[in-house]
Amino acid sequence: MGEIDILIVEDELLIAKGLARKLKKLGYQVMDIVSSGEEAIHYSITHKPNLILMDIVLEGEIDGIEAAEKINEFQSIPIIYLTAYADDSTLVRAEDTNYYGYLLKPCKERELYATIKMAIKKWEEDQILRQSLAIAKAKNEEKARYLSLTSHDLRNPLTTIQVSAEMLKDYGDKLSEEKKQKHLEWIKSSVKNINTLLEDILTLNQADAGKITFEPKLVNVVELSESIVHDFEAIATAQHQITLRTTDPKIILSCDFKLLYHILGNLLSNAIKYSPDGGSITLDISLTSTEVTFVVEDQGIGFPPDYQSKLFNQFERASNVGSIKGTGLGLSIVKYAVECHGGTISLSSEEGVGTKAIVSLPCLPPVPVN
């Protein structure tokens, strides 16, 4: 905290002015002097002092302790109580409020200085603690949201598996081969959806826990991309045409093989998934002296402009996805993996036209082998 602005709440003017002189001598800025609890509350709202010296016994309908309680309801300001006497009942009432010090009048400079210093230090420590608690609360709420959404996303494919398995068990001899194959395909697709969701959740949990290590090694990214394209051609339809283009048939990059697979795999998976009517999907790889750039482009449904700011939020999906299955986790995993490489990612899209994702990874020097 820089310059400390102090509000004095004291109904005895001579005492208040004497206190103000001592504060100025000690290097503090006195914002104002008010004489009632009501004035203290109003002043705190309108001027937000850094610290309040609050006399307990005040003129008006409320005393200093009640005023402090009201102030603490809407903002956090360190308050030091002032009193000419310290009876037990007053101390008990004061202790039930969030105060930062207690001074007997008349205040000595040394005691005033020490009490203010300790109050400010304790208040700053409390702010750090409150911030940490708020972050922890937000994380717990986010985890609860994960569990709720994950349970929902798991329930649908599990229900499909259960229904199809029961149909095959109870009516298998009465179903046509085409119907049997349909149920088997539903089971296979549901198992794949469950595996994808669990893998995404595991990856994000490892990332949050700092358990994913960045282990770069020399990788021929063209060969890796060819392998990934081959893997995803198996889940694409006959209406999809996946094309790999590169400026060089052999591009060697120092990168984390597994994380790069996550990056390209998720982007290609999205390109296929959100192009339900098929179309061209391209993966372009280019090399400069400083970076390797991967561009995945499709002719799918795209996403609306209001989704741009939510692209990398976990469990967020665009409003136009309809019945297309997805977890809303893929792009957050991609962003994490890109940042591990010190790279950048950007997406541009137009509804009904398609989406372009651009990932640029720096050409890191190879890691020496011990």
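The values are calculated or read from the model by the stated rules, or taken from the named source; none is laboratory data. A quick note: this is a predicted structure, and the numbers were derived from the prediction, not measured. As a convention, Cβ positions derive from the backbone with ideal geometry for all residues, glycine included, and neighbour counts pool all protein chains shown.
Being of a type in the set (S, T, Y) and without any contact (Cβ under 8 Å) to a residue 40 or more places away in the chain, is that true of even one residue in the range 69-78?
no
Kindly provide the set of residues from the range 6-27 that are outside any strand (DSSP E or B), touching a helix residue (DSSP H, G or I) at 6+ places or on another chain (Cβ under 7 Å) and surrounded by 16 or more Cβ atoms within 10 Å (Cβ to Cβ), ordered by number.
E10, K22, listed by residue number.
For the range 67-90, which residues satisfy the criterion of being surrounded by 14 or more Cβ atoms within 10 Å (Cβ to Cβ), in a helix (DSSP H, G or I) and modelled with pLDDT of 75 or more?
Filtering the range 67-90 down to residues surrounded by 14 or more Cβ atoms within 10 Å (Cβ to Cβ) leaves 67-72, 77-83, 90.
Still in the running and in a helix (DSSP H, G or I): 67-72, 90.
Those that are surrounded by 14 or more Cβ atoms within 10 Å (Cβ to Cβ), in a helix (DSSP H, G or I) and modelled with pLDDT of 75 or more: A67, A68, E69, K70, I71, N72.
Take the range 208-227 and flag every residue that is closer than 13 Å to L259 by Cα, out of contact with any Ser or Thr (no Cβ under 8 Å at 6 or more places or on another chain) and aliphatic (A, V, I, L, M).
V221, L224
For the range 200-240, give me each residue that is at pLDDT below 80, hydrophobic (A, V, I, L, M, F, W, C) and closer than 18 Å to L329 by Cβ.
Those that are at pLDDT below 80, hydrophobic (A, V, I, L, M, F, W, C) and closer than 18 Å to L329 by Cβ: I201, L202, L204, A207, A209, I212, I235.
Inside the range 41-65, can you point out the residues that are surrounded by fewer than 18 Cβ atoms within 10 Å (Cβ to Cβ) and touching a residue at least 12 places away in the same chain (Cβ under 8 Å)?
Listed by number, the residues that qualify are I45, H47, K48, V57, E59, G60, E61, I62.
Identify, please: which residue in the range 91-114 is charged (D, E, K, R) and in a loop (DSSP other than H, G, I, E, B) and is, among those, nearest to I62 (Cα to Cα)?
D96
Residues being of a type in the set (A, V, I, L, M), under 12 Å from T282 (Cα atoms) and buried (at least 18 other Cβ atoms within 10 Å of the Cβ): count how many of those fall in the range 230-264.
2
Go through (1) surrounded by fewer than 12 Cβ atoms within 10 Å (Cβ to Cβ); (2) closer than 20 Å to E109 by Cβ; (3) more than 44 Å from the chain's Cα centre (by Cα) for E3 and report which single condition fails.
(3)
Within the range 181-189, can one find any residue that is modelled with pLDDT under 75, surrounded by 12 or more Cβ atoms within 10 Å (Cβ to Cβ) and out of contact with any Cys (no Cβ under 9 Å at 6 or more places or on another chain)?
Within the range 181-189 (the criterion being modelled with pLDDT under 75, surrounded by 12 or more Cβ atoms within 10 Å (Cβ to Cβ) and out of contact with any Cys (no Cβ under 9 Å at 6 or more places or on another chain)), the answer is yes, since at least one residue qualifies.
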